[in-house]
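The values are calculated or read from the model by the stated rules, or taken from the named source; none is laboratory data. The structure presented is a predicted model; accordingly, all values stated were derived computationally and were not measured. As a convention, Cβ positions derive from the backbone with ideal geometry for all residues, glycine included, and neighbour counts pool all protein chains shown. Please note that ligands, DNA and RNA were not included when accessible areas were found on the heavy atoms of the full protein model with its side chains. Shrake-Rupley method; radii C 1.70, N 1.55, O 1.52, S 1.80 Å.
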Amino acid sequence: MYENNTEENLRSQMLDSIDSGISKSEGYFVYDAIAPSAKTIADYYKALDTILKLVFGEEAPEVPQEEYDKFIDKDAARHGLERKQGLYSVGQVTFLGLENSIIYENSIVQTVEGLKYKVTSQGKIKDGKCTLGIKAIEIGSKYNVPANAIVEIPIKINGITNVKNESATTSGTDTETSENLLERIISKEREESSSGNIYDYEKWALQISGVEYVKVKPLWDKSNGMNGNGTVKVIVAGNNGIQLDDTIVQKVKQYIDPADGEGSGKAPIGATVTVVSVNPLKIDVNILGLTALDGFDIKDVKDNIKESLDNYFKTIPVGGVVKINTVEAKVVMTAGVNDISSVKINNDTKNIITADEDKASLRGITYE
């Protein structure tokens, strides 16, 4: 809005308003007296432009990130919102070693990539092994790793020969970005809220760290003898529709409806709320007769197909339909693909209609 109020333009306007009989050239008194004021006023206009960007939710790259985050936090507080803080990933590891060897609390284990975790309690090797809880040393989703990923002990523990996590670590989430928090602020301003409508349940669930997707099913439990009245199911998922562990699901339940129907949480009196995470539904894709265009390596083409299908499955909503025609189109339109004979999903040529809680994702691709 104020982009034309530059130092040069302001200085020219101020000089033009002075009697032309006075020398206004650079180096003379009038010019030198006006120049600092023009610069200061131009800086004020720049600040006003920045303020307008912040107030209306536009990007303001000229503001240092730390200061921008503080402003967004204040704006969120004005709307009754808070930035979702990240959580630590947790899990268990099993140590192998000499009998009665001690593993002390806060001992460090890590992945090959260097993601470190500390042991949360002391233990002793019995019958050759000892299983203890671990917690990531920093918050963040990157610490959620699959089974058998934690295999190193960076600081030697006497008597211990090996370590591994037999199951995946879970619950780690990233602190909400200012961009995502701003989206929630704008959504709250635009969406109409009332005493427990669908939007309210979505908004309440999204307050919990780790929840990035919410689907609400009102009147869902028809077995309650009242045609479902008073029952609400809240289906939650993480980034890209990933399944959330029970710790996060229970936090959502405690926040919305800690005691069924009593109104002791956000939900109104009489509402019994069931909170579940999405159920991952793995889809296998079979491609027959793939040929590559001249100049393309078949391995690169297959990598491109996997990326294309991964991106497609991310767009399928919870409870959505996996469309065979869309899968085939995504394959055919992939860079480097010359032709294919046919495509199957889960060994069939029909659409896959998923259940309300199912989130489809690509398990693998086979070629014939």
### Query
Using a simple spin-label model with points 7 Å from Cα along the Cα→Cβ vector, what separation in nm is obtained for I269 and D16?
6.9
### Message
Cut-off 10 angstrom, C-alpha nodes, Gaussian network model of the chain. Which of V278, V331, V211 fluctuates the most?
### Response
V331
### Task
Find how many whole Å separate the alpha carbon centroid of segment 1-38 from the alpha carbon centroid of segment 82-124.
67
### Query
Using 1/(1 + (r/R0)^6) with R0 = 22 angstrom and r between the beta carbons of N239 and A77, what's the FRET efficiency to the nearest 0.05?
0.35
### Summary
With every protein chain kept in place and a 1.4 Å probe, segment 1-69 has an accessible area per residue in Å² of 72
### Query
In degrees between 0 and 90, to the nearest 10, how far off the longest principal axis of the chain does helix 29-55 point, with axes built from Cα atoms?
30
### Query
Relative to the first principal axis of the alpha-carbon coordinates of the chain, what is the inclination of helix 246-256, with its axis defined by its Cα atoms, in degrees from 0 to 90 and to the nearest 10?
60
### Loop-located chymotrypsin sites (Phe, Trp or Tyr not before Pro) in segment 1-74, at most 16 other Cβ atoms within 10 Å (DSSP)
Y2, Y28, F56
### Potential extension, D32-Y2 segment - 0.36 nm per residue separation minus Cα distance
8.4 nm
### Query
Distance from the Cα centre of segment 165-214 to that of segment 288-310, in angstrom?
37
### Query
If one takes the longest principal axis of the Cα atoms in the chain, at what angle in degrees, from 0 to 90 and to the nearest 10, does the Cα axis of helix 65-78 lie?
80
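How much of the accessible area of the chain, probe 1.4 Å, is carbon plus sulfur, in whole percent?
Result for the chain: 50 percent of the exposed heavy-atom area is carbon or sulfur.
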## Note on the structure
Matching label for the computed mean projected area of the Cα convex hull in nm², out of [x] 32.5; [y] 19.0; [z] 27.7, is [x]
### Message
Give me the extension gain from Q122 to V332: residue separation times 0.36 nm, minus the current Cα-Cα distance, reported in nm with one decimal.
### Response
70.0 nm
### Query
When all C-alpha to C-alpha distances in segment 167-229 are sorted into bins of 5 Å, what percent of pairs does each bin hold, rounded to whole numbers?
4, 14, 18, 19, 15, 12, 9, 7, 2, 0
### Task
Provide the solvent-accessible area of L52, counting protein heavy atoms only and rolling a 1.4 Å probe, rounded to the nearest 10 Å².
60
### Query
Hey, what do the phi angles of segment 345-350 turn into as Karplus ³J(HN,Hα) couplings, whole Hz, using 6.51/-1.76/1.60 and θ = phi - 60°, x for Gly and Pro?
10, 6, 6, 9, 10, 9
### Query
Which pairs break 32 Å Cα to Cα here: K116/K330; K253/K359; K299/K323; K253/K314; K84/K344?
K116/K330; K84/K344
